[in-house]
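Just dropping this structure here.
The values are calculated or read from the model by the stated rules, or taken from the named source; none is laboratory data. Everything numeric here is computed off the predicted structure, so don't read it as measured data. A quick note on method: Cβ atoms are made from the backbone with ideal geometry, for glycine too, and the neighbour counts reach across all protein chains shown.
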Amino acid sequence: MRYLYEQKLTMNLAVIDLLKANKTILDPLPGYLQYWGVLDANVGAIVSTKELLTRNSTGIALNKDLVRGDLVKMTLNVGEMVESYGRLNGNVVLSAKVHFTESKLKKASASTLCDSAMVVYANAMEHAVELEKYGVTPAMLVALNSMIEKFKLMLPVTHATKVNSKMGTAKLQELFAANDDVLKKIDLLLVMVKHTHPEFYRSYTTTRKLPSRATSKITLKTRVCSSTGEGIKGVTLTFTPKMQKLAMGVETTVKPIVKKTADKGICYLKNMHATEYTVTAEKVGHPAVTTSVNVPGDEMVMLTIKMDKN
């Protein structure tokens, strides 16, 4: 998902979390429940679409890469044996037909790799009886053919995945656009509680803001030190945002932030989303330390973590 959409989803989830926690204030407002229903349903659909796109693209790509690697190995293995048989028996034409280098097969397009494997298989089948004496067993040929068919079946699936990805991206655009409209209406509606519930209103307006790429504002300063106060350099810090659970039961998390402490054990983080974070500090030779910190987003927070050597 594009950077802007990631930021919008983060903001949408935070807004939903805040609105759910203040139902007693908001439910009586005219039209609010309708706006809430649209917002909650759209964010649920956004999360589901995002997770589906991520799972499909990474899963199919990984599976195809594994099958491709196996097909390259099997094609080379059988091809080299057939080529040796051809050379030993003076069949230069056969040797030339099945001669493929590992580099060529690895760099070949999917369709070219498939064609090359089929050439090796076809020529091996033509001389199957003789080749068995040279180590090319019927089982090897069955396995090669099976792998070719498996790889061929994945080609249209991969194309379909790209089409589905475009459709999913278009759906995300529509959902975010719809949420932008409904949030503008909620913005106007919540002016009604600006003076009666100032703390809630202030939290809402802060949560509605998107972190800007143009301006960098430090929101968290973390220092890792020993019990004697000496800063520890090179500590890996993982900041995991609080899990968001939508009304429809879908759970999601914003990606964790991973940083390392610099000189004097200090680490700065900019434009963090306003929420609670679980912080894990790790370094070889030191026991891991886990703590939490609440980042309001509108002011800098300082966090000190103490850790000593084993």
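Please count how many residues of the range 132-144 are more than 18 Å from Lys73 (Cβ to Cβ) and surrounded by 13 or more Cβ atoms within 10 Å (Cβ to Cβ).
2
Hey, could you check the range 269-306 for residues that are part of a loop (DSSP other than H, G, I, E, B) and within 15 Å of Lys255 (Cβ to Cβ) and say which is farthest from the chain's Cα centre (by Cα)?
Going through the qualifying residues, I end up with Asn271.
On to the next question. Checking Ala122 against (1) surrounded by 14 or more Cβ atoms within 10 Å (Cβ to Cβ); (2) under 17 Å from Thr137 (Cα atoms), which test does it fail?
It fails just one condition, (1).
Another question about this same structure. Picking from Ala122, Ala143, which residue would you name as being modelled with pLDDT of 90 or more, more than 13 Å from Met81 (Cα to Cα), of a type in the set (A, V, I, L, M, F, W, C) and part of a helix (DSSP H, G or I)?
From the options Ala122, Ala143, the qualifying one is Ala122.
Further, regarding this structure: Go through Lys106, Lys73, Lys97 for me and flag whichever is under 38 Å from the mean Cα position of the chain (by Cα), over 18 Å from Glu149 (Cβ atoms) and surrounded by fewer than 20 Cβ atoms within 10 Å (Cβ to Cβ).
Values: Lys73 fails: over 18 Å from Glu149 (Cβ atoms); Lys97 fails: under 38 Å from the mean Cα position of the chain (by Cα).
It is Lys106.
Here's a follow-up. Can you pull out the residues in the range 234-284 that are at pLDDT below 85 and over 20 Å from Val43 (Cβ atoms)?
Asp263, Asn271, Met272
Could you tell me whether the range 209-222 includes any residue that is assigned to a loop (DSSP other than H, G, I, E, B), touching a Gly at 6+ places or on another chain (Cβ under 7 Å) and modelled with pLDDT of 75 or more?
No, the conditions are met nowhere in the range 209-222.
Quick check on Gly229: is it in a loop (DSSP other than H, G, I, E, B), at pLDDT below 85 and not assigned by TED's automatic domain parsing to the domain that holds Leu183?
So Gly229 does not fit the description; no.
If you scan the range 1-44, which residues turn out to be surrounded by fewer than 19 Cβ atoms within 10 Å (Cβ to Cβ), of a type in the set (Gly, Ala, Ser) and either at pLDDT below 85 or touching a His at 6+ places or on another chain (Cβ under 7 Å) (or both)?
If the condition is that a residue be surrounded by fewer than 19 Cβ atoms within 10 Å (Cβ to Cβ), of a type in the set (Gly, Ala, Ser) and either at pLDDT below 85 or touching a His at 6+ places or on another chain (Cβ under 7 Å) (or both), then Gly44 is the only one that fits.
I need the full set of residues from the range 96-114 which are assigned to a helix (DSSP H, G or I) and either of a type in the set (S, T, N, Q) or under 17 Å from Val142 (Cα atoms) (or both), in order please.
Ser103, Ser111, Thr112, Cys114
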